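To start, the structure itself, in structure tokens.
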Amino acid sequence: MAEPIRLDYVVPGDDFTRAGEASADLKSRLKSLGFPPAAIRRAAIALYEGEINLAIHAGGGRITVALTPERIEMALDDEGPGIPDIALAMSEGYSTAPDEVRSLGFGAGMGLPNMKKYTDEFSIASTVGEGTHIRMAVLTAG
Amino acid sequence: MKISDILSILDAQLLTEGAGLEREVHTACGSDMMSDVLAFVKDQSVLITGLNNPQVVRTADMMDMICIVFVRGKKPDAGILALAEERGMAILCTDHTMFTACGLLYAHGLRGGVH
Ligand SMILES: Nc1ncnc2c1ncn2[C@@H]1O[C@H](COP(=O)(O)OP(=O)(O)OP(=O)(O)O)[C@@H](O)[C@H]1O
Ligand SMILES: [Mg+2]
């Protein structure tokens, strides 16, 4: 079997206008590789939400993608402040985003719930003061 | 309706070049919160928003939307327009408020996506 295709992205923490570049790049690559449109959309939305979170909550981070014909795997890692209560952060509508982030159109508290909803596998681990690690996968058949 | 119909219904100005205005659109979504837009995937093709930054285009792109209407006379800058043109999206700008813009489009048959 062929090796997975790997993609690596660095998400800057100081340039909000660039957040979303990684997801847009992934989306166009998945299209040119011929992945099914529904799987592309689910993966791109989930990654975009995660990418925005890296930019606004974590001071930036790294994204690693591994692609096989069956799976779109995405890992997001940061060394930001971490999440004290993951269950709370995962609930719809919970957000600690300050007003300036809200004025940019984020802070509805829907990002993490959206990521879980649009992916087939989702896990999150976080340590306060150390950072947050998210693993998600979209199955192309699912 | 077509994107060209939205243009006339809203007395809007077209700010992008090269985006086909004869494309049909059936559903729309009006919001200033991008994650709310991303929460309800259902083939909406138009985003109506009062927010003015590049994430509006990126969000619409993630949803495969083809037209963004900026309300209350908000004029996106050249960087935002370039992002939209790269993606073949039409960007419109109207002086109407969000409420009125959505109402007018609804009255002419545009609907919210079901979710
Ligand atoms: N990478 C991260 N590092 C630290 N905190 C995070 C991270 N991701 C999310 N959080 C915390 O979890 C909360 C919920 O995240 P979620 O993405 O669901 O909502 P949001 O980013 O606040 O708003 P939205 O995504 O709707 O724009 C955030 O407000 C923040 O407190
Ligand atoms: Mg978020």
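With charges set only on the Cβ (+1 for Lys and Arg, -1 for Asp and Glu), what does the dipole of chain A come to about its Cα centre, in debye to the nearest 20?
600
So, for the stretch B:1-86, what is the accessible surface per residue at a probe of 1.4 Å, expressed in square angstrom?
Per-residue accessible area for the stretch B:1-86 comes out at 38 Å².
Summarise the partner chain shielding of A:103-113 as one whole number: the mean count of Cβ atoms from other chains within 10 Å of each residue's Cβ.
Mean partner shielding for this stretch: 6.
Say each of residue A:38 and residue A:8 gets a label point 7 Å from the Cα, pointing the same way as Cα to Cβ; how far apart are those two points in nm?
3.5
To test your reading of the geometry: what angle, between 0 and 90 degrees and rounded to tens, separates the Cα axis of helix A:37-57 from the longest principal axis of chain A?
In chain A, helix A:37-57 runs at an angle near 30 degrees to the longest axis.
How large is the charge dipole for the stretch B:3-112, taken about the Cα centre, if only the Cβ atoms of Lys, Arg (+1) and Asp, Glu (-1) carry charge, to the nearest 20 debye?
That gives the stretch B:3-112 a dipole magnitude of about 240 debye.
Other chains near B:38-48: what is the mean number of their Cβ atoms within 10 Å of each residue's Cβ?
Per residue, the number of nearby Cβ atoms from other chains is 3 on average.
How high is the relative contact order of the stretch A:25-99, in percent, with contacts defined as C-alpha pairs under 8 Å that are six or more residues apart?
21 percent.
Just need the relative contact order of chain A here, percent rounded to a whole number, with Cα pairs under 8 Å and 6+ apart.
Computed over chain A, the figure is 27 percent.
Need the full-extension length gain, residue A:77 to residue A:94, defined as separation in residues times 0.36 nm minus the C-alpha distance. One decimal, nm.
Taking residue A:77 through residue A:94 to full extension adds about 4.0 nm, to one decimal.
How high is the relative contact order of chain B, given as a whole-number percent (alpha carbon pairs under 8 Å, six or more residues apart)?
35
Placing +1 at every Lys and Arg Cβ and -1 at every Asp and Glu Cβ, with all other atoms neutral, what dipole size does the protein assembly as shown have around its Cα centre, in debye to the nearest 20?
Dipole of the protein assembly as shown, to the nearest 20 debye: 600 debye.
Could you sort out which of A:27/A:116; A:27/B:74; A:117/B:42 sit more than 20 Å apart by Cα distance in this structure?
A:27/B:74
Can you give the net charge of the other residues whose Cβ lies under 15 Å from the Cβ of residue A:39, counting K and R as +1 and D and E as -1?
It works out to a net charge of +2.
To the nearest 10 degrees, how steep is helix A:21-33 against the longest Cα principal axis of chain A, on a 0 to 90 scale?
10
Using a cut-off of 11 Å between beta-carbons, work out the net charge of the residues near residue B:54 (Lys and Arg +1, Asp and Glu -1, residue B:54 not included).
Residues close to residue B:54 contribute a combined charge of -2.
Provide a whole-number value for the mean count of partner chain Cβ atoms within 10 Å of the Cβ atoms in peptide B:61-73.
2
How big is the B-A contact in terms of buried accessible area, both chains counted, 1.4 Å probe, rounded to the nearest 100 Å²?
Protein heavy atoms only, the B-A interface buries about 1900 Å².
Local charge sum around residue A:21 (other residues, Cβ-Cβ under 15 Å, Lys/Arg +1, Asp/Glu -1)?
-2
The values are calculated or read from the model by the stated rules, or taken from the named source; none is laboratory data. Predicted model only: the values in this text are computed from it and were never measured. All Cβ positions, even for glycine, are placed from backbone atoms using ideal geometry, and neighbour counts span all protein chains on display. Protein only, heavy atoms only, side chains kept; ligands, DNA and RNA dropped before computing areas. Shrake-Rupley method; radii C 1.70, N 1.55, O 1.52, S 1.80 Å.
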